[in-house]
Amino acid sequence: IVRQDRTMERIVFPIPEICEYLTKETKLNVFKRAERDEQGSKVADFFSRHHEMFNEMKWQKKLRMQPVMFWFSSHMGLWNSISFSCAVIINLLVAIFYPYNTLDFHSVGAQFNGLLWGAVMICTAVVVFFPHPMGFKALLASIILRFICTFGLRVTLFLLGLINLLNKFIFMVSLLGNRGVLIKPVNEILSDFEMVYHIGYFILCALGFFFHEFFFSLLLLDVVYREETLLNVIKSVTRNGRSILLTTVLAVILIYLFSIIGFISFQDDFLMEVEHPMVPRIKSDDHNSTQKANQTSCPADGTNCTEAEESYISQILQSAEWPYSEEPEEGEKMRACDSLIMCIITSINQGLRNGGGIGDVLRKPSKNEPLFLARVVYDLLFFFIVIIIVLNLIFGVIIDTFADLRSEKQTKDEILRNTCFICGLDRATFDNRVVTFEDHVKHEHNMWHYLYFIVLVRVKDPTEFTGPESYVDAMIKERNLEWFPRMRAMSLAAQDSEGEQNEIRSLQQQLDQTTKLVQKLSGQLSELKEQMTEQRKQKQRYGLLQNPVPMSMPAQF
């Protein structure tokens, strides 16, 4: 921690017992979703969640006292996977076999009875001796096929829907128990998106089971919630929703203006080709037969009809007359711009869905017509302004947003891998250091050790606080985060201090060597000076002896 005088101190403390009840899911969620501050640290967001995590520890401790509830809550991932798998299987069966009278499963089961039982036995052996997820899936598929051929498709769908409903109920109970939702107020429960989402999922399971199996198709949208990539695809539309909405409003306004021009000048060119539906017309001589068929108790889907009734109905349908021949006739033309609202609807419906704009569906004018050039300009302006510019603006906003989201995800993953959660130092700072980055984030700045220390301060008697604990307790009450180390680490500071001491020692040694060298050179210089003085004296003596001055003559200077 960082003390009041900005010095760092290492704290050793006992981890409270309650800290072991923090779930792995919560740890992973906090680690991945905590937001960074200006200094690159996530301490601010992490500190704001410590109260919630402390409450979860207390709730999980109570939950451990209820073994059954704890077992269900500890397998939430399994229940969620089973729900999605059941939804996929149900929708596959509905998509392939609905309305359920296209195939006689009993005859198929009797024909391939041995093959189906052999597949079940082989898959069972594979699962027993070589347990693998693919083996379990193959065993489940073979059992479902065997069940369909034995009891029918409706019974199988009923059981799968019941399993899905009960499994989702178990998941909801597990979620309520794991989150401690039962002790939370209603407004807090409704503000939890995940809780509201799973409540809606459970309601869809109930609607699919009690009303119609088509409701199960909505459960497949759970793949968007399960996959982060698909979530980013949805966010690419919703994140800049205001820009997209305003651009759409601009497109509608432009189409409205083009519709007014079309209504005034090209009203006769809005001719749309229409086709009438093919409705069977029963012959008059079969009127009594039709009344007899209507008196039968056969429902619309034909599920409870006997073979005789089905044969009778097929004969009636074969005797019906159809208004169209097998070869298609040329479609009928209908005016689509007799009113301004019809012009607007036609321009939006046909103009946006055709690659060339509204000109692709309007009448092709002759070059001899007086408004030919005006039609050309009208079609080109609609194409360039609405199709090319406005629609591509919308697509560009969506594509750019998706690219930004992908870039943000990559940056976030890079930060999680290479940046300390507490201090914000990156991996490169610990290169060529005694302490590696992995040791730093695991031992020196372990984010959960800071949480455990906060919990210790909250559960410990204040009268037993040590000096650092009293200091941190006061900082927590003030919501002051200055006791967290930011862009600092004791290992780096100690190593930097040791490096400075080594550098000072090296400089001192160099200074001592230089001093000795100077003293040596000074001694040598003194000796050289003495030698030069002695040599000068000797030269003077030698010169007097070689040139003596005569006694009779005065000395000349």
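The values are calculated or read from the model by the stated rules, or taken from the named source; none is laboratory data. Note that this is a predicted model, so its numbers are computed, not measured. All Cβ positions, glycine included, derive from the backbone under ideal geometry; neighbour counts span all protein chains shown. Side chains included, ligands, DNA and RNA excluded: accessible areas come from the protein's heavy atoms. Shrake-Rupley method; radii C 1.70, N 1.55, O 1.52, S 1.80 Å.
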Unmet requirement for Phe211, which otherwise passes all of (1) under 23 Å from the mean Cα position of the chain (by Cα); (2) over 30 Å from Thr346 (Cβ atoms); (3) open to solvent by 60 Å² or more (accessible area, probe 1.4 Å); (4) not basic (Lys, Arg): (1)
Residue, farthest from Ile96 (Cα to Cα), within the range 202-231, restricted to residues that are acidic (Asp, Glu) and in a helix (DSSP H, G or I): Glu228
In the range 346-388, residue farthest from Phe258 (Cα to Cα) [restricted to those that are modelled with pLDDT under 85 and acidic (Asp, Glu)]: Glu369
Test: residue in the range 404-422 that is within 30 Å of Ile253 (Cα to Cα) and open to solvent by less than 60 Å² (accessible area, probe 1.4 Å): no
Residue ID - modelled with the highest pLDDT, chosen from residues in the range 238-249 that are open to solvent by 50 Å² or more (accessible area, probe 1.4 Å) and in contact with a helix residue (DSSP H, G or I) (Cβ under 6 Å, 6 or more places away or on another chain): Ser243
Counted residues, the range 234-264 - those being small (Gly, Ala, Ser) and within 22 Å of Thr401 (Cβ to Cβ): 4
Residue within the range 128-151 that is modelled with pLDDT under 80, open to solvent by 20 Å² or more (accessible area, probe 1.4 Å), β-branched (Val, Ile, Thr) and more than 25 Å from Phe209 (Cβ to Cβ) present: yes
Residue within the range 476-496 that is acidic (Asp, Glu), open to solvent by less than 60 Å² (accessible area, probe 1.4 Å), more than 27 Å from Glu438 (Cα to Cα) and at pLDDT 80 or above present: no
Val252 assigned to a helix (DSSP H, G or I) and either under 17 Å from the mean Cα position of the chain (by Cα) or free of Cβ contacts under 8 Å to residues at least 40 places away in the same chain (or both): no
Which numbered condition Ile399 misses (of (1) open to solvent by 80 Å² or more (accessible area, probe 1.4 Å); (2) at pLDDT below 80): (2)
Of all residues in the range 218-233 being surrounded by 16 or more Cβ atoms within 10 Å (Cβ to Cβ) and in contact (Cβ under 8 Å) with a residue 60 or more places away in the chain, the one that is farthest from Asp404 (Cα to Cα): Leu219
Ile234 vs. criteria over 28 Å from Val94 (Cβ atoms), part of a helix (DSSP H, G or I) and out of contact with any Ser or Thr (no Cβ under 8 Å at 6 or more places or on another chain): no
For Lys477: the one exception among (1) closer than 22 Å to Glu17 by Cα; (2) free of Cβ contacts under 8 Å to residues at least 12 places away in the same chain; (3) not hydrophobic (A, V, I, L, M, F, W, C): (1)
